[in-house]
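Undergrad: Sharing a structure here in structure tokens format.
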Amino acid sequence: MAREDLHFRLRIPEELKNKVEEAAARNSRSMTAEMVDRLELSFNEGSRQDYARRIDLLLDNEARMKDHFRDALNALAKGDAEKAQQILTPLAWYDRQAAEENGNGAD
């Protein structure tokens, strides 16, 4: 998300927050990006652009997963099982994406 975007506090049930958090981790993005995407899609439901965007997101996520698996295999090849496990843990993907969005880098 861009730094100049509006900051908005939102109260949601904990169960819904947990669902958003899990979806964001699966999609390798921040909770904010997950919520914005889902909200935007709700306004464009059924449009060709909506389907094209969903396909692009799926392809992007596939590419990210391939990168994660490659990184994990490289870590295993170097004998670093702990790093490989961190790479393959969905929460680690979320943390890395959040750090990148906050300008803190991936490592």
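The values are calculated or read from the model by the stated rules, or taken from the named source; none is laboratory data. As the structure is a prediction and not an experimental result, all values here were calculated from the model. Heads up, the Cβs are rebuilt from the backbone with ideal geometry, glycines too, and the neighbour counts pull from every protein chain shown.
Undergrad: Across the stretch 40-83, which residue is nearest to the chain's Cα centre (by Cα) among those that are within 18 Å of residue 28 (Cα to Cα) and of a type in the set (Lys, Arg)?
TA: Here the residue is 64.
Undergrad: Only one residue in 16, 57 is in contact with an Asp or Glu (Cβ under 8 Å, 6 or more places away or on another chain) and part of a helix (DSSP H, G or I). Which one?
TA: 57
Undergrad: Considering the stretch 66-87 alone, what residues qualify as being surrounded by 14 or more Cβ atoms within 10 Å (Cβ to Cβ) and in a helix (DSSP H, G or I)?
TA: 68, 71, 72, 75, 76, 83, 84, 86, 87
Undergrad: Out of the residues in the stretch 24-40 meeting the condition of being hydrophobic (A, V, I, L, M, F, W, C) and surrounded by fewer than 16 Cβ atoms within 10 Å (Cβ to Cβ), tell me which one is modelled with the lowest pLDDT. Working first, answer last.
TA: Narrowing the stretch 24-40 to residues hydrophobic (A, V, I, L, M, F, W, C): 24-25, 31, 33, 35-36, 39.
Filter once more, so that each one left must be surrounded by fewer than 16 Cβ atoms within 10 Å (Cβ to Cβ): 36, 39.
Numbers: 36: 91, 39: 88.
Among them, the one singled out is 39.
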